[in-house]
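Step one of this worksheet: look at the structure below.
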Amino acid sequence: MAPYMRLRQICLVAPQLAPVISDIAEIMGLAVCYRDGNVAKYGLENALLPVDTILLEVVAPFQSGTTAGRFIEKTGGRGGYMAIFCCNDPDERGRNANAMGVRTANVIDHAPYHGVQLHPRDCRAAFIEFNHTEGSDDILGPYPPAGPDWQKFIRKDVTQALTGVEMQSPDPQGLAEHWGKIIGVAPGNAGDGVTELKLPNAIFRFAKGSSEIMSALEFRVADVATVLHAAKANGHAVAGNEFLLGGVTFRLAA
């Protein structure tokens, strides 16, 4: 079987779920498909919205001492929390990361779902998770973290796809090579001196920045002006084709 590696989910972290989740849903024309009670044991609450076949998740701590809470304190609330990839063999990707000195932070085993989360400090910029759901090689197949019928909540009239993720670093080339080794994708040149990692369903771009963060999400939308108008109406400052929400820049293209 050929190696299979796709972006499955992006996780943002916020001090509270409201109004971040309702703002994302309203501005981007998306629908919440699931709130997962299982994350309560980590002191978190969450909500997930499908953007075509990629899930956008927001988590918020409801008690002190959570990893997500520490992340907010450390970053001042700027930057995405986790990039989650589905692949053939999460354990193999985990062993490969361990051999590079990237520690495993958490293993989640809820059959038919199996996930390996890597330590954010070793990944740099954000958490990386690899997972596999038995019998779900179809991208529209079962995906337990998104609930039993997440596919029914896909809305495409406003937002059509999550196409890219921007990472920032003082050493973007170094971060791209590091993530490339962890994910198993060779870095390429996007032009403008930007290095990219190309997956079948999304592109990670690595740009120069003062700190290492997942800085922006790029979306293809039906009409950029309509979405920017909705962002302004919800009280978000718009600059060019982008606005800040949930700690990351939402960047739009038609």
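The values are calculated or read from the model by the stated rules, or taken from the named source; none is laboratory data. What you see is a predicted model; the values in this text were computed from it and never measured. Methodologically, a virtual Cβ is constructed for each residue, glycine included, from the backbone with ideal geometry; neighbour enumeration extends over all protein chains shown. Calculation scope for accessible area: heavy atoms of the full protein, side chains included, ligands and nucleic acids excluded. Shrake-Rupley method; radii C 1.70, N 1.55, O 1.52, S 1.80 Å.
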At R0 = 30 Å, how high is the FRET efficiency between Asn96 and Ala18 if r is their beta carbon distance? Nearest 0.05 is fine. 0.15
In what sequence, largest accessible area first, do Met167, Met5 appear using a 1.4 Å probe? Met5, Met167
Find how much the distance from Thr249 to Ile139 grows on full extension, using 0.36 nm per residue of separation minus their present alpha carbon separation; answer in nm with one decimal. 37.0 nm
With just the Cα atoms defining each centre, how far is the range 194-226 from the range 68-119? Give it in Å. 20
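Among DSSP bridges having both ends in the chain, what percentage is antiparallel? Round to the nearest 5.
70
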For Cα extents along the principal axes in Å, one of [x] 142, 28, 22; [y] 48, 42, 40; [z] 44, 44, 40 was computed from the structure I shared and the rest are decoys. Which label? [y]
Nearest 20 debye, what's the magnitude of the dipole of the range 1-134 about its Cα centre given +1 on Lys and Arg Cβ and -1 on Asp and Glu Cβ? 460
How many nm is it between the label spots at Val224 and Ala111, if each spot is 7 Å from the Cα in line with the beta carbon? 5.0
Using a 1.4 angstrom probe on heavy atoms only, work out the carbon and sulfur share of the accessible area of the range 119-251 in %. 52
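From the helices alone, meaning DSSP H stretches of at least four residues, give me the mean residue ellipticity at 222 nm for the chain, per-run term -39500 (n - 2.57), in deg cm²/dmol to the nearest 500.
-6000 deg cm²/dmol
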Whole number in Å², please: accessible area per residue of the chain, 1.4 Å probe, ligands, DNA and RNA not counted. 43
Can you list the lysines whose alpha carbon sits under 19 Å from that of Lys198, skipping same-chain ones fewer than 8 residues off? Lys181, Lys208
Other-chain or far-sequence residues with amide H under 5 Å of Met167's (modelled H): Arg205, Phe206, Ala207, Ser215
Of the residues Val20, Val39, Val58, which exhibits the maximal mean-square fluctuation in a Gaussian network model of the chain defined by a 10 Å Cα contact cut-off? Val39
